[in-house]
Amino acid sequence: MFTCRDSIDLLQRFLDGEMPEEERHRLKEHLDACPPCVDFLRTYRATPGLCRKAMVDQMPRELSKQLTAFLRQRLRK
Ligand SMILES: [Zn+2]
């Protein structure tokens, strides 16, 4: 079963730009069925395009770690 924790791990790699197509597909499948993860992505997608691209291209490792920690804490509820 594909869990939120798996989703977060994949999402972090997605932000790092290292996600293979197959895993991207699995992440999308999870998001189709998981409102908490969708809420996060909606926030992410609301970021202006240029800024979002900068995030994906240049997200510092530290910020990526903070994002992961935030998501883990949130999804534990
Ligand atoms: Zn989820």
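Quick look at the numbers
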quantity: Those residues of segment 15-30 which are in a helix (DSSP H, G or I) and crowded, with 17+ Cβ neighbours inside 10 Å, in sequence order; calculated: 15, 27, 30
quantity: Residue within segment 6-13 that is more than 16 Å from the ligand (Cβ to nearest atom) and either exposed (fewer than 12 other Cβ atoms within 10 Å of the Cβ) or at pLDDT 80 or above (or both) present; calculated: no
quantity: Test set (1) over 13 Å from residue 70 (Cβ atoms); (2) within 9 Å of the ligand (Cβ to nearest atom); (3) open to solvent by 40 Å² or more (accessible area, probe 1.4 Å) - residue 36 fails condition number; calculated: (1)
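To keep it simple, each residue is scored yes or no on (1) aliphatic (A, V, I, L, M); (2) within 11 Å of the chain's Cα centre (by Cα); (3) modelled with pLDDT of 80 or more; (4) more than 13 Å from the ligand (Cβ to nearest atom).
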position	(1), (2), (3), (4)
21	no, no, yes, yes
28	no, yes, yes, no
50	yes, no, no, yes
73	no, no, yes, yes
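The values are calculated or read from the model by the stated rules, or taken from the named source; none is laboratory data. Keep in mind that this is a model prediction, so the values were computed, not measured. No Cβ is skipped: glycine too gets one built from the backbone with ideal geometry, and neighbour counts run over all protein chains shown. Quick note on the areas: whole protein, heavy atoms, side chains included, nothing else; ligands and nucleic acids left out. Shrake-Rupley method; radii C 1.70, N 1.55, O 1.52, S 1.80 Å.
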